[in-house]
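Structure record follows, encoded as structure tokens.
Every number in this text was worked out from the coordinates using simple rules, so none of it is lab data. Remember, predicted model here, so these are calculated numbers, not experimental data. Every residue, glycine among them, receives a Cβ derived from its backbone with ideal geometry; neighbour counts consider all protein chains shown.
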Amino acid sequence: MVVNGAVENALATIGAVLWCVQILPQIWKSWRAKSTTGLSPWLMFTWMISLWVLGIYNITQELSIPLHIQPELCGFAPPPLDAFAASSYLIVVGMELLILLLAAILNPIAYYRRRDEKVTEVIEEIETIDKIVSSKDYVANAEANINRPTDLDDAFAEWF
């Protein structure tokens with residue numbers, strides 16, 4: 001790694017300033033509320049930014065190992081695994097995956113079934129209309145009504 005003293009000193013200065021300034025929002029909040037409960041979001045934000053910058057500085061300066069792992073030690077300590085909670089969570093995840101799988105399989109089947117039912121309904125309706133049209137009574141009535149004037153014909157005759 002190329003050593004660049006100016007960048008290293010700039011990172012160290014920025015980290016130190018942020019480390020010192022990080023407490024100001026908490027002091028302001030505590031003074032206004034006249035209470036010291038809770039942490040300011042601005043405190044946490046500036047603390048996070050300063051840890052990044054100081055971490056880069058620690059790595060580039062090859063400082064001691066405790067300074068490298070300090071953010072991880074302070075900010076991350078996982079609790080022991082709760083087997084019952086993990087197994088119940090895995091069951092929930094498995095059931096959700098099963099629901100998604102069944103939806104992916106069954107929705108297209110239901111779609112095609114509904115489509116086929118509509119097609120058969122339309123075909124049955126067309127067949128019913130064909131039966132009515134081809135029946136002797138309908139044909140006889142239609143032939144009788146072909147030459148019979150309608151009220152509409154009378155209305156057109158009045159206009160012309």
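Backbone geometry of the stretch 110-126 corresponds, through the Karplus equation with coefficients 6.51, -1.76 and 1.60 at θ = phi - 60°, to 3J(HN,Hα) couplings of 5, 4, 5, 5, 5, 5, 5, 5, 5, 4, 5, 4, 5, 5, 5, 5, 5 Hz, x marking Gly and Pro.
Relative to the present Cα-Cα distance, how much length would full extension add between Glu8 and Ser88 at 0.36 nm per residue of separation?
Values: separation 80, 0.36 × 80 = 28.80 nm, distance 4.88 nm.
Length gained between Glu8 and Ser88: 23.9 nm.
Taking label positions 7 Å along the Cα-Cβ direction at both Trp31 and Met48, the computed distance is 2.6 nm, reported to one decimal. Multiply the residue separation of Ala110 and Asp130 by 0.36 nm, subtract the distance between their alpha-carbon atoms, and state the gained length in nm to one decimal. Contour length minus the Cα-Cα distance gives 4.2 nm.
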